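The values are calculated or read from the model by the stated rules, or taken from the named source; none is laboratory data. Since this is a predicted model, take the numbers as computed values, not measurements. As a convention, Cβ positions derive from the backbone with ideal geometry for all residues, glycine included, and neighbour counts pool all protein chains shown. To get the accessible areas, we keep the full protein, side chains included, count just its heavy atoms, and leave off ligands, DNA and RNA. Shrake-Rupley method; radii C 1.70, N 1.55, O 1.52, S 1.80 Å.
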Amino acid sequence: MCGIIGYSGRRQAAPILIDSLGRLEYRGYDSAGIAIFNNNTVEVYKDKGRIADLEKALPDISGTVGIGHTRWATHGRPNKVNAHPHTSGNIAVAHNGIIENYQQLREKLTQLGYIFVSETDTEVLAHLINYYYKNNLTDAVVPALKDIKGSYAIAVLCGSELVAARKDSPLVIGIGENENFIASDIPAILKYTRKMIFLEDMEIASLTPDSVLFFDSNKRQIEKQINIIDWDMEAAEKSGYEHFMLKEIHEQPRALHETFAGRISELEGTITFDSLDLTEDQIKDISRINVIACGTSLNAGLLGKYLFEQFAGIHVDVEIASEFRYVHSSPGSLVIVISQSGETADTLAALREAKSYGCKTLAITNVMGSTITREVDNVIYTRSGPEIGVAATKTFISQLGVIYLLALLFGKIKGKISSDQMKRMLVSLKQIPAQITRILGNKEFIEIYAQIFSNANDSFFIGRTFNYPIALEGALKLKEISYIHAEGYAAGELKHGPLALITKNTPVIAIATRGITYDKMVNNIKEVKAREAPVLAIADEKDIEIEKYVDGVVKVPSTEDIISPILSTVVVQLLSYYTAKARNCTIDQPRNLAKSVTVE
Ligand code: F6R
């Protein structure tokens with residue numbers, strides 16, 4: 001996600017803001033900016049590009065209170081106008097998160113005479129706070145936050161007043177000597193203080209150099225506890241997790257929440273993608289989809305095949321990007337490219353090939369402004385935030401989130417699913433972030449099984465129907481970070497060859513959540529057990545049968561069968577992670593691999 005910093009003290013604010021933003025650089029960003037209270041006005045300096053360039057372009061400004069931001073674009077392209085802070089009169093706002101009702105608020109504020117200059121959702125916040133402002137910033141922030149729907153961590157500057165608030169997006173207050181700080185991430189301010197107060201949802205903080213007052217959402221003052229952070233800088237960058245991969249696995253509930261934000265109304269049974277430029281008639285005419293991707297994104301696409309076929313009755317071919325140019329597609333098909341980075345050379349080449357056939361194209365990606373987004377007809381962003389670990393985790397979960405929504409939307413428009421079905425699916429999808437949190441709460445249990453895996457040379461992940469892509473993904477994760485040979489198989493295919501490899505030395509992970517293929521899956525488990533393979537099952541929490549057939553079970557919360565692959569994903573990720581850790585592997589930088597594969 002984006003980075004926020006705020007400072008109120010007796011030193012010059014600009015160098016501190018720039019230095020703190022620099023400490024968030026490792027997370028990636030596309031633009032940066034600061035706002036400083038100087039000579040009775042709030043002055044803003046921001047631009048697309050690097051913090052070092054912003055620093056070079058800064059005039060000699062003095063001022064001891066200010067805010068700063070590094071942006072990772074979600075609403076609006078990465079450019080100077082869309083960079084934060086955003087202003088309204090003398091009010092400047094830096095914001096992380098997504099304002100879901102920003103369109104309605106934008107219309108309302110425009111009618112009131114406010115002029116919008118950017119494409120961002122954040123600008124509504126600046127105008128809204130300005131609208132409520134009389135003579136005290138906290139008094140204006142309180143009602144403004146009541147008007148907005150969505151997630152936010154904000155730092156707001158008005159004159160010498162500095163206010164912070166959060167909901168569903170992290171924010172911490174740093175307590176110094178004659179100075180206080182706001183930060184979205186501890187590493188940003190660790191150099192200045194180790195005394196931190198964590199804001200909770202709906203809490204507000206008002207900072208001066210000598211004090212920080214905390215309020216609830218109705219401006220009742222509250223007491224907060226100071227935490228002393230003893231992490232070194234490296235640990236702080238990973239929020240105390242041992243690896244970025246583990247941190248990013250834990251960020252999945254939030255990533256998925258952002259993926260869904262403003263796109264789902266489970267009460268009305270509707271799904272909206274602002275950026276989708278396909279009419280209902282065009283969607284009704286789609287009879288064929290080609291999904292093109294590589295690696296983990298390909299596995300997301302394979303799950304998409306099951307979803308589009310089941311929900312929308314659309315035939316889907318899933319193509320490995322590097323092979324696509326040799327298969328040819330018909331101009332009538334919709335081509336969906338999936339790429340977290342938006343830069344993968346094979347996917348880009350296949351996209352260009354598809355365009356040359358005259359296909360309509362749609363990208364699902366995480367990186368705004370990436371090459372793929374500039375070349376496709378439509379883009380849907382996954383909104384996972386920057387991912388640093390080479391192994392894709394939270395970007396995969398968000399890709400799945402988008403694909404579920406897209407398949408359901410197409411199904412609804414094509415009349416293949418009823419309103420009731422749609423509402424049921426959306427209600428279940430909305431519960432998934434909290435259910436992932438429950439799985440993460442039991443991760444120690446998964447770590448124990450990983451110890452068994454860590455001694456294996458070969459392993460199998462098996463699943464049927466929509467669990468098959470997750471078997472592939474589990475095998476990919478395990479091999480890439482732990483260097484254990486792993487095969488993902490459709491469980492029914494084992495007997496056609498690979499069963500010859502199954503011995504007591506080949507652990508098998510069986511994804512056996514409930515569904516129409518459950519009984520067949522149990523038979524496949526018996527097949528491998530008969531060859532003495534140790535079997536770990538991933539099963540529904542209500543399943544009390546499965547224990548009889550396997551050596552261990554990781555239970556996942558109950559949900560719709562077709563949605564359960566998202567939950568099983570988290571288990572295979574954790575299993576791979578802890579196995580790699582037990583083998584002392586360089587988890588965040590696996591050998592021979594790169595985060596963005598820009599060669600064919
Ligand atoms: C595996 C992994 C890779 C990528 C693949 C495609 O964890 O990250 O398999 O999924 O290189 O990358 P993107 O999605 O950026 O096109």
### Message
Longer than 30 Å from Cα to Cα, which of K360/K414; K108/K219; K195/K219; K355/K423; K46/K355 are they? Say none if no pair is.
### Response
K355/K423; K46/K355
### Task
Answer rounded, prolate or oblate for segment 3-230, using the Cα gyration tensor with square roots of eigenvalues a ≥ b ≥ c: rounded when a/c is under 1.5, else prolate when a/b is larger than b/c, else oblate.
rounded
## Note on the structure
In deg cm²/dmol, rounded to the nearest 500, the helical mean residue ellipticity at 222 nm of the chain, built from -39500 (n - 2.57) for every DSSP H run of length 4 or more, is -10500 deg cm²/dmol
### Message
If you take every DSSP beta bridge fully contained in segment 261-363, what fraction is antiparallel? Give it as a percent rounded to 5.
### Response
10
### Query
Are there trypsin sites (Lys or Arg not before Pro) in segment 428-504 that DSSP marks as loop and that have at most 11 other Cβ atoms within 10 Å, and which are they?
K504
## Note on the structure
Nearest-0.05 FRET efficiency for E545 and N455 at R0 = 25 Å, using Cβ-Cβ distance, is 0.30
### Task
Starting from the Cα of F198, step 7 Å along the direction of its Cβ; do the same at D139; then give the gap between the two resulting points in nm.
3.4
### Task
Using Cα centres only, tell me the gap between segment 143-165 and segment 394-431 in whole Å.
32
### Query
How many Å² of accessible area per residue for the chain, probe 1.4 Å?
38
### Query
What's the FRET efficiency of E444 with S265 using the Cβ-Cβ distance as r and R₀ = 45 Å, to the nearest 0.05?
0.75
### Net charge, L137 excluded, C-beta distance under 15 Å - Lys, Arg +1, Asp, Glu -1
0
## Note on the structure
antiparallel share of DSSP beta bridges within the chain, to nearest 5, in %, is 60
### Query
In nanometres, what is the gap between the two model label sites at F116 and I516, each 7 Å from Cα along Cα-to-Cβ?
4.4
### Query
Mind listing which GluC sites (Glu not before Pro) in segment 232-280 are in a DSSP loop and have 11 or fewer other Cβ atoms within 10 Å?
E268
### Task
Could you state how much accessible area M425 has, in square angstrom rounded to the nearest 10, with a 1.4 Å probe and all protein chains kept in place?
20
### Summary
Of all chymotrypsin sites (Phe, Trp or Tyr not before Pro) in segment 457-544, the ones in DSSP coil with at most 16 other Cβ atoms within 10 Å are Y483
### Message
Projecting each Cα onto the charge dipole of the chain (Lys/Arg +1, Asp/Glu -1 at the beta carbon, about the Cα centre), which of I204, I226, H250 comes out farthest on the positive side?
### Response
H250
### Task
For the chain, just list the percent of Cα-Cα distances falling in each 10 Å bin from zero outward, please.
3, 17, 26, 25, 18, 9, 2, 0
### Query
For the chain, what's the relative contact order in percent, using C-alpha pairs closer than 8 Å and at least 6 residues apart?
11
### Surface share of carbon and sulfur [accessible, 1.4 angstrom probe, percent] for the chain
48
### Query
Looking at the square roots a ≥ b ≥ c of the eigenvalues of the Cα gyration tensor of segment 355-416, which shape do they give, rounded for a/c under 1.5, prolate if a/b is larger than b/c, or oblate?
oblate
### For A14, net neighbour charge (Lys/Arg +1, Asp/Glu -1) across residues whose Cβ lies under 12 Å away
-3
### Query
Based on Cβ point charges of +1 for Lys and Arg and -1 for Asp and Glu, what charge dipole magnitude is obtained for segment 236-430 about its Cα centre, in debye rounded to the nearest 20?
320
### Query
Near G150, within a Cβ-to-Cβ distance under 10 Å, what is the net charge of the other residues, with Lys and Arg +1 and Asp and Glu -1?
-2
### Task
Could you work out how far helix 345-356 tilts from the main Cα principal axis of the chain, as a 0 to 90 degree angle to the nearest 10?
80
